[in-house]
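Colleague: Got a structure for you, written out below as structure tokens; questions coming shortly.
The values are calculated or read from the model by the stated rules, or taken from the named source; none is laboratory data. As the structure is a prediction and not an experimental result, all values here were calculated from the model. All Cβ positions, glycine included, derive from the backbone under ideal geometry; neighbour counts span all protein chains shown. Please note that ligands, DNA and RNA were not included when accessible areas were found on the heavy atoms of the full protein model with its side chains. Shrake-Rupley method; radii C 1.70, N 1.55, O 1.52, S 1.80 Å.
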Amino acid sequence: MIDAESWIGLDADTKGDLYEGLLQKNAETKSGAGQYFTPRAIIQAMVACVRPQPEKTVADPACGTGGFFLTANEWLSGSGQWLKDNAAWLHRDLLKLNPRQARFLREQTFHGNEIVPNTRRLCLMNLFLHNIGKLDGEPSVERADALISEPKIRVDYVLANPPFGKKSSMTITNGEGEDDRDALTYERQDFWQTTSNKQLNFLQHIVSMLKVDGKAAAVVLPGNVLFEGCAGEKIRRKLLENCDVHTILRLPTGIFYAQGVKANVVFSSTTR
């Protein structure tokens, strides 16, 4: 069946959709691939609320296989079938990009991090099959821990679903040659609070990624981030003081991992 197809003759949309379908099928077990595959309906709703504009930059510090990038690309290029099906309630006409805007979308719009090598490889292939990036250019997705240092660039939009684990850790080899895991605390001058809680660190990092007049950030966060005390309380207070946190969307339980895990989408901007 594979040999019967003329893959070179297929356009980017067809090959990209095939690849996305394979990723989604592999993620249905909610283990392994399920850790990095955010349901597309959630991503589409987040992108539709943020409404990214042409010639603006979009980042995801834990981009997985690139779902947020692909959906934002569909929004900007007007190529997504979901846009055509929902044009009425979205209250928008499909965009027609000029050549400069199309080139910016393909080569300069998206910036991401993915710490897992194989997942990053899947992401780069996914982007390439959707006509994002260049074969001979620098990858727009770095294989690095985004939390290690301040962001290299500030962006207009951040769309993200960071890992849900509470503790950041690193693997070290002890004196007996066995692997141990040590809690990892990020010491960053731009963070409001030093903590080993990975979720709170991602929240602080995402704020630091936005330009001073950043348009918006939409981030999936577990429920405990909104109610946790100590460091969590101090970070939330700083978030409300420095950003316009205008919407919290409660998601149905069971979308991520077990049934009991509650998640929310927090919408904010650095413009008050």
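Colleague: Using modelled amide H (1.01 Å from N, peptide plane; none on Pro or chain starts), what sits under 5 Å from the amide H of E142, excluding residues fewer than 5 places away?
Modeller: G112, N113, E114
Colleague: Can you pull the one-decimal nm distance between simple spin-label points at S208 and R103, each 7 Å off the Cα toward Cβ?
Modeller: Modelled inter-label distance: 3.4 nm.
Colleague: Once you have the alpha carbon radius of gyration of the stretch 182-272, what is it after dividing by 2.2 N^0.38 Å, with N set to its residue count?
Modeller: That works out to 1.09 for the stretch 182-272.
Colleague: How much of T253 can a 1.4 Å solvent probe reach, expressed as accessible area in Å² and rounded to 10?
Modeller: My reading of the accessible area for T253 is about 70 Å².
Colleague: Expressed as a whole percent, how much of the Cα-Cα distance distribution for the stretch 61-121 exceeds 14 Å? Could the numbers behind the result be given before it?
Modeller: Numbers: 1140 of 1830 pairs.
Value for the stretch 61-121 (Cα pairs over 14 Å): 62 percent.
Colleague: Need one number: nm distance between label points at Q53 and R143, each 7 Å from Cα along Cα→Cβ, rounded to one decimal.
Modeller: 3.7
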